[in-house]
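Taking it in order: structure first as C-alpha coordinates, then the write-up.
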Amino acid sequence: MNESVRIHERLARLAVCLSGCFALIVAMVGDAIAEPLTTTRVSGPVTVIVSLEPEQPVIGDPVKLTIEVTAEKDVEVLMPDFGSALNRFSIVDFAPRQTIDDDGRTVATQTYRLDPPSSGPQVIPPILIEYVDRREGKTPAPEGLDAYEILTDRMKFTVESVLPEGTTNELKPPLGRLEPITPSQIPKRTGAIVAAVIVGLAVLAAGVFYWNKRGRKERQRSAFEIADASLQKLLQTPRQTEEQIDLFYVQLTAIIRQYIEDRFDMRAPELTTEEFLASISRSPDFSSEHQSLLRDFLRHADLVKFAGATPSSDEMTRSIDTAKRFLNETRQGGEDDGH
(Lines give C-alpha, C1' and ligand atoms only; values in the text may rest on other atoms or scores of the structure.)
Protein backbone atom coordinates (compact mmCIF):
# COMPACT_ATOMS: atom_id res chain seq x y z
CA MET A 1 0.00 0.00 0.00
CA ASN A 2 1.59 3.32 -1.04
CA GLU A 3 1.83 6.41 1.15
CA SER A 4 -1.11 8.23 -0.51
CA VAL A 5 -3.51 5.35 0.18
CA ARG A 6 -2.47 5.20 3.84
CA ILE A 7 -3.07 8.93 4.26
CA HIS A 8 -6.55 8.74 2.76
CA GLU A 9 -7.39 5.75 4.95
CA ARG A 10 -6.37 7.63 8.07
CA LEU A 11 -8.33 10.70 7.02
CA ALA A 12 -11.38 8.55 6.39
CA ARG A 13 -11.15 7.14 9.93
CA LEU A 14 -10.80 10.64 11.33
CA ALA A 15 -13.92 11.71 9.42
CA VAL A 16 -15.85 8.76 10.87
CA CYS A 17 -14.76 9.79 14.38
CA LEU A 18 -15.89 13.39 13.83
CA SER A 19 -19.19 12.19 12.40
CA GLY A 20 -19.70 10.15 15.54
CA CYS A 21 -19.18 13.27 17.65
CA PHE A 22 -21.80 15.15 15.64
CA ALA A 23 -24.22 12.24 15.97
CA LEU A 24 -23.72 12.18 19.74
CA ILE A 25 -24.46 15.89 20.06
CA VAL A 26 -27.56 15.59 17.89
CA ALA A 27 -28.75 12.64 19.99
CA MET A 28 -28.23 14.59 23.23
CA VAL A 29 -30.20 17.57 21.90
CA GLY A 30 -32.90 15.26 20.60
CA ASP A 31 -33.26 13.59 24.01
CA ALA A 32 -33.55 16.98 25.70
CA ILE A 33 -36.51 18.07 23.57
CA ALA A 34 -38.24 14.70 23.15
CA GLU A 35 -41.87 14.71 24.18
CA PRO A 36 -42.93 12.20 26.88
CA LEU A 37 -45.44 9.43 26.18
CA THR A 38 -48.77 10.78 27.50
CA THR A 39 -52.35 9.55 27.96
CA THR A 40 -55.36 11.53 29.19
CA ARG A 41 -58.67 10.40 30.69
CA VAL A 42 -61.57 12.68 31.66
CA SER A 43 -64.44 11.68 33.95
CA GLY A 44 -66.86 14.46 34.84
CA PRO A 45 -65.01 16.98 37.03
CA VAL A 46 -61.74 15.02 37.04
CA THR A 47 -58.92 14.89 34.47
CA VAL A 48 -56.12 12.33 34.71
CA ILE A 49 -52.87 12.75 32.75
CA VAL A 50 -50.27 9.96 32.86
CA SER A 51 -46.88 10.64 31.30
CA LEU A 52 -43.78 8.50 30.85
CA GLU A 53 -40.34 9.72 29.89
CA PRO A 54 -38.23 8.96 28.04
CA GLU A 55 -40.51 7.11 25.65
CA GLN A 56 -37.69 4.79 24.55
CA PRO A 57 -35.26 4.38 27.46
CA VAL A 58 -32.10 2.30 27.38
CA ILE A 59 -31.85 -0.68 29.71
CA GLY A 60 -30.33 0.42 33.03
CA ASP A 61 -31.82 3.94 32.85
CA PRO A 62 -34.81 4.61 35.16
CA VAL A 63 -38.00 5.95 33.59
CA LYS A 64 -40.11 8.72 35.12
CA LEU A 65 -43.82 7.99 35.48
CA THR A 66 -46.06 10.90 36.49
CA ILE A 67 -49.73 10.59 37.44
CA GLU A 68 -51.40 14.03 37.56
CA VAL A 69 -55.02 14.33 38.64
CA THR A 70 -56.90 17.66 38.43
CA ALA A 71 -60.30 17.84 40.17
CA GLU A 72 -62.80 20.67 40.32
CA LYS A 73 -63.39 22.47 43.61
CA ASP A 74 -65.17 20.35 46.27
CA VAL A 75 -64.25 17.09 44.51
CA GLU A 76 -62.22 14.76 46.73
CA VAL A 77 -59.52 12.78 44.93
CA LEU A 78 -58.43 9.34 46.14
CA MET A 79 -55.01 8.67 44.65
CA PRO A 80 -53.79 5.08 44.08
CA ASP A 81 -51.83 3.33 46.82
CA PHE A 82 -48.03 3.38 46.59
CA GLY A 83 -46.84 1.10 43.79
CA SER A 84 -50.37 0.12 42.73
CA ALA A 85 -50.17 -1.95 39.48
CA LEU A 86 -46.40 -1.34 39.23
CA ASN A 87 -45.13 -4.52 40.90
CA ARG A 88 -43.34 -5.65 37.75
CA PHE A 89 -40.95 -2.70 38.04
CA SER A 90 -38.38 -1.83 40.70
CA ILE A 91 -39.40 1.49 42.27
CA VAL A 92 -36.30 3.66 42.63
CA ASP A 93 -38.04 6.77 43.98
CA PHE A 94 -41.53 8.06 44.78
CA ALA A 95 -42.80 11.59 45.42
CA PRO A 96 -46.46 12.51 46.07
CA ARG A 97 -47.64 16.12 45.89
CA GLN A 98 -50.95 17.97 46.23
CA THR A 99 -51.75 21.65 45.64
CA ILE A 100 -54.71 23.96 45.03
CA ASP A 101 -54.55 26.08 41.87
CA ASP A 102 -55.88 29.62 41.32
CA ASP A 103 -59.36 28.33 40.49
CA GLY A 104 -59.65 26.25 43.67
CA ARG A 105 -59.06 22.97 41.85
CA THR A 106 -57.10 20.18 43.51
CA VAL A 107 -53.99 19.06 41.62
CA ALA A 108 -52.63 15.78 42.99
CA THR A 109 -49.46 14.28 41.57
CA GLN A 110 -47.55 11.04 42.10
CA THR A 111 -44.10 10.79 40.52
CA TYR A 112 -42.26 7.48 40.26
CA ARG A 113 -38.81 6.59 39.01
CA LEU A 114 -39.03 3.01 37.78
CA ASP A 115 -36.33 0.53 36.81
CA PRO A 116 -37.58 -1.74 33.96
CA PRO A 117 -36.68 -5.42 34.52
CA SER A 118 -35.37 -6.04 30.98
CA SER A 119 -35.06 -4.62 27.49
CA GLY A 120 -37.79 -5.03 24.91
CA PRO A 121 -41.52 -4.20 24.97
CA GLN A 122 -42.88 -3.06 28.35
CA VAL A 123 -46.32 -2.03 29.63
CA ILE A 124 -47.57 0.30 32.34
CA PRO A 125 -50.86 -1.39 33.36
CA PRO A 126 -54.08 0.59 33.88
CA ILE A 127 -54.06 2.45 37.22
CA LEU A 128 -57.19 3.10 39.27
CA ILE A 129 -58.02 6.62 40.53
CA GLU A 130 -61.16 7.30 42.56
CA TYR A 131 -63.02 10.47 43.49
CA VAL A 132 -66.01 11.64 45.53
CA ASP A 133 -68.09 14.50 44.11
CA ARG A 134 -69.02 16.73 47.07
CA ARG A 135 -70.24 19.66 44.96
CA GLU A 136 -73.65 21.01 45.81
CA GLY A 137 -76.43 19.20 43.98
CA LYS A 138 -74.16 16.41 42.74
CA THR A 139 -74.30 12.71 43.54
CA PRO A 140 -71.19 11.94 45.64
CA ALA A 141 -70.73 8.42 44.20
CA PRO A 142 -72.54 5.90 41.99
CA GLU A 143 -75.25 3.91 43.71
CA GLY A 144 -73.77 1.03 45.68
CA LEU A 145 -70.19 2.38 45.47
CA ASP A 146 -68.09 4.58 47.74
CA ALA A 147 -66.55 6.60 44.90
CA TYR A 148 -66.41 7.14 41.16
CA GLU A 149 -63.64 5.22 39.40
CA ILE A 150 -61.28 6.17 36.57
CA LEU A 151 -59.02 3.56 34.98
CA THR A 152 -56.06 4.97 33.05
CA ASP A 153 -55.09 3.66 29.63
CA ARG A 154 -52.48 0.94 29.23
CA MET A 155 -49.15 2.50 28.20
CA LYS A 156 -46.80 0.53 25.95
CA PHE A 157 -43.16 1.47 25.52
CA THR A 158 -39.88 -0.15 24.50
CA VAL A 159 -36.69 -0.42 26.50
CA GLU A 160 -33.74 -0.34 24.12
CA SER A 161 -30.82 -2.73 24.47
CA VAL A 162 -27.30 -1.37 24.93
CA LEU A 163 -26.20 -3.56 22.01
CA PRO A 164 -26.54 -1.94 18.57
CA GLU A 165 -28.98 -3.58 16.17
CA GLY A 166 -27.40 -6.39 14.16
CA THR A 167 -24.57 -6.91 16.64
CA THR A 168 -23.17 -10.46 16.64
CA ASN A 169 -20.97 -12.38 19.04
CA GLU A 170 -18.15 -12.49 16.48
CA LEU A 171 -14.91 -11.03 17.76
CA LYS A 172 -12.82 -9.16 15.22
CA PRO A 173 -9.09 -8.53 15.46
CA PRO A 174 -7.88 -4.99 16.14
CA LEU A 175 -7.21 -2.79 13.12
CA GLY A 176 -3.61 -2.36 14.14
CA ARG A 177 -1.58 0.60 15.28
CA LEU A 178 -1.81 3.74 13.15
CA GLU A 179 1.37 5.64 12.55
CA PRO A 180 1.23 9.35 13.35
CA ILE A 181 0.60 11.68 10.45
CA THR A 182 3.05 14.54 10.11
CA PRO A 183 1.76 17.96 9.05
CA SER A 184 3.61 17.66 5.72
CA GLN A 185 1.60 14.53 4.85
CA ILE A 186 -1.80 16.24 5.14
CA PRO A 187 -2.98 18.03 2.00
CA LYS A 188 -3.67 21.69 2.75
CA ARG A 189 -7.31 21.59 1.64
CA THR A 190 -8.07 18.45 3.65
CA GLY A 191 -6.44 19.93 6.72
CA ALA A 192 -8.59 23.03 6.40
CA ILE A 193 -11.76 20.91 6.22
CA VAL A 194 -10.78 18.94 9.33
CA ALA A 195 -9.96 22.15 11.18
CA ALA A 196 -13.33 23.63 10.19
CA VAL A 197 -15.15 20.56 11.49
CA ILE A 198 -13.30 20.73 14.82
CA VAL A 199 -14.02 24.46 15.16
CA GLY A 200 -17.68 23.79 14.36
CA LEU A 201 -17.89 21.20 17.13
CA ALA A 202 -16.28 23.61 19.59
CA VAL A 203 -18.67 26.42 18.66
CA LEU A 204 -21.68 24.13 18.98
CA ALA A 205 -20.56 22.89 22.40
CA ALA A 206 -19.93 26.46 23.56
CA GLY A 207 -23.38 27.49 22.33
CA VAL A 208 -25.10 24.70 24.24
CA PHE A 209 -23.15 25.59 27.39
CA TYR A 210 -23.99 29.31 27.01
CA TRP A 211 -27.71 28.80 26.59
CA ASN A 212 -27.89 26.35 29.50
CA LYS A 213 -26.02 28.79 31.70
CA ARG A 214 -28.15 31.71 30.55
CA GLY A 215 -31.35 29.79 31.23
CA ARG A 216 -30.14 28.86 34.69
CA LYS A 217 -29.32 32.49 35.55
CA GLU A 218 -32.73 33.64 34.37
CA ARG A 219 -34.38 31.04 36.59
CA GLN A 220 -32.21 32.09 39.52
CA ARG A 221 -33.07 35.78 39.11
CA SER A 222 -36.78 35.05 39.42
CA ALA A 223 -36.65 32.32 42.08
CA PHE A 224 -37.22 34.61 45.08
CA GLU A 225 -39.94 36.66 43.40
CA ILE A 226 -41.86 33.51 42.42
CA ALA A 227 -41.57 31.96 45.89
CA ASP A 228 -42.41 35.19 47.71
CA ALA A 229 -45.51 35.77 45.55
CA SER A 230 -46.66 32.18 46.13
CA LEU A 231 -46.13 32.54 49.87
CA GLN A 232 -48.07 35.80 50.08
CA LYS A 233 -50.94 34.18 48.20
CA LEU A 234 -50.87 31.13 50.47
CA LEU A 235 -51.03 33.31 53.59
CA GLN A 236 -54.42 34.61 52.41
CA THR A 237 -55.99 31.13 52.53
CA PRO A 238 -57.99 29.97 55.60
CA ARG A 239 -56.28 27.73 58.18
CA GLN A 240 -59.06 26.80 60.61
CA THR A 241 -59.99 23.17 59.89
CA GLU A 242 -57.67 20.18 60.06
CA GLU A 243 -57.95 19.70 56.30
CA GLN A 244 -57.09 23.34 55.63
CA ILE A 245 -54.07 23.15 57.94
CA ASP A 246 -52.81 19.95 56.28
CA LEU A 247 -53.14 21.55 52.84
CA PHE A 248 -51.43 24.70 54.07
CA TYR A 249 -48.34 22.75 55.18
CA VAL A 250 -48.28 20.77 51.92
CA GLN A 251 -48.22 23.99 49.93
CA LEU A 252 -45.81 25.79 52.27
CA THR A 253 -43.17 23.05 52.00
CA ALA A 254 -43.78 22.80 48.24
CA ILE A 255 -43.00 26.53 47.86
CA ILE A 256 -39.68 26.17 49.72
CA ARG A 257 -38.69 23.00 47.85
CA GLN A 258 -39.50 24.55 44.46
CA TYR A 259 -37.56 27.70 45.41
CA ILE A 260 -34.51 25.59 46.28
CA GLU A 261 -34.71 23.80 42.93
CA ASP A 262 -34.97 27.11 41.03
CA ARG A 263 -32.46 29.00 43.15
CA PHE A 264 -29.74 26.36 43.57
CA ASP A 265 -30.47 24.11 40.60
CA MET A 266 -31.14 21.13 42.88
CA ARG A 267 -33.73 18.37 42.40
CA ALA A 268 -35.72 19.17 45.55
CA PRO A 269 -39.48 18.60 45.02
CA GLU A 270 -39.19 14.88 44.17
CA LEU A 271 -36.95 13.83 47.10
CA THR A 272 -38.16 12.50 50.42
CA THR A 273 -37.36 14.69 53.41
CA GLU A 274 -34.41 12.56 54.53
CA GLU A 275 -33.00 12.35 50.98
CA PHE A 276 -33.37 16.10 50.63
CA LEU A 277 -31.63 16.82 53.93
CA ALA A 278 -28.79 14.48 53.00
CA SER A 279 -28.48 16.29 49.66
CA ILE A 280 -28.20 19.79 51.12
CA SER A 281 -25.71 18.57 53.75
CA ARG A 282 -23.31 17.84 50.87
CA SER A 283 -23.93 21.15 49.11
CA PRO A 284 -21.65 24.16 49.67
CA ASP A 285 -24.63 26.46 48.98
CA PHE A 286 -26.18 25.84 52.41
CA SER A 287 -24.62 26.99 55.67
CA SER A 288 -24.91 24.79 58.75
CA GLU A 289 -27.41 27.30 60.14
CA HIS A 290 -29.65 27.04 57.06
CA GLN A 291 -29.36 23.25 57.08
CA SER A 292 -30.56 23.19 60.69
CA LEU A 293 -33.33 25.66 59.87
CA LEU A 294 -34.61 23.50 56.99
CA ARG A 295 -34.29 20.28 59.02
CA ASP A 296 -36.54 21.58 61.81
CA PHE A 297 -38.95 23.17 59.33
CA LEU A 298 -39.44 20.08 57.15
CA ARG A 299 -39.64 17.56 59.99
CA HIS A 300 -42.28 19.62 61.77
CA ALA A 301 -44.24 19.84 58.49
CA ASP A 302 -43.98 16.05 58.04
CA LEU A 303 -45.52 15.53 61.47
CA VAL A 304 -48.51 17.60 60.38
CA LYS A 305 -48.83 16.12 56.88
CA PHE A 306 -48.17 12.44 57.60
CA ALA A 307 -48.48 11.82 61.36
CA GLY A 308 -51.74 13.73 61.96
CA ALA A 309 -50.19 16.24 64.38
CA THR A 310 -52.20 19.43 64.93
CA PRO A 311 -49.92 22.48 65.18
CA SER A 312 -50.68 25.30 67.57
CA SER A 313 -51.09 28.87 66.37
CA ASP A 314 -47.55 29.68 67.60
CA GLU A 315 -46.10 26.68 65.75
CA MET A 316 -47.77 27.74 62.52
CA THR A 317 -46.43 31.27 62.96
CA ARG A 318 -42.91 29.89 63.52
CA SER A 319 -43.16 27.79 60.35
CA ILE A 320 -44.21 30.85 58.34
CA ASP A 321 -41.44 33.00 59.87
CA THR A 322 -38.88 30.25 59.12
CA ALA A 323 -39.95 30.10 55.47
CA LYS A 324 -39.73 33.89 55.15
CA ARG A 325 -36.36 34.01 56.86
CA PHE A 326 -34.89 31.32 54.61
CA LEU A 327 -36.17 33.00 51.46
CA ASN A 328 -34.82 36.41 52.46
CA GLU A 329 -31.44 35.16 53.66
CA THR A 330 -30.78 33.12 50.50
CA ARG A 331 -32.22 35.46 47.88
CA GLN A 332 -29.90 36.81 45.20
CA GLY A 333 -28.32 40.16 45.93
CA GLY A 334 -26.64 42.56 43.58
CA GLU A 335 -23.68 40.18 43.30
CA ASP A 336 -25.77 37.00 43.16
CA ASP A 337 -24.66 36.06 46.68
CA GLY A 338 -21.63 34.33 45.31
CA HIS A 339 -23.67 31.48 43.82
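The values are calculated or read from the model by the stated rules, or taken from the named source; none is laboratory data. None of the values given here were measured: they were computed from a predicted structure. Glycine also receives a Cβ, built like all others from the backbone with ideal geometry; neighbour counts cover every protein chain displayed. With ligands, DNA and RNA removed, areas are computed over all heavy atoms of the protein, side chains included. Shrake-Rupley method; radii C 1.70, N 1.55, O 1.52, S 1.80 Å.
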Notebook entry, point to check: At S119 and R295, where each label point lies 7 Å from the Cα along Cα→Cβ, what is the point-to-point distance in nanometres?
Noted result: 4.5
Note to self: Let me check I've understood the local charge: for V123, count other residues with C-beta under 10 angstrom from its C-beta, Lys and Arg +1, Asp and Glu -1. What total comes out?
What the structure shows: +3
Checklist line | Approximate spin-label separation R325-S312, in nm, with each point projected 7 Å along Cα-to-Cβ | finding: 1.8
Check: Based on the Cβ-Cβ distance of R134 and V107, what FRET efficiency does E = 1/(1 + (r/R0)^6) give at R0 = 25 Å, to the nearest 0.05?
Finding: 0.90
Next item on the list: Give me the accessible area of R134, 1.4 Å probe, in Å² rounded to the nearest 10.
Entry: 150
Next item on the list: Would you mind checking the pairs K138/K324; K64/K233; K156/K233; K73/K233 and listing those with alpha carbons more than 29 angstrom apart?
Entry: K138/K324; K64/K233; K156/K233
Check: How high is the FRET efficiency between I100 and S161 when r is their beta carbon distance and R₀ equals 41 Å, given to the nearest 0.05?
Finding: 0.40
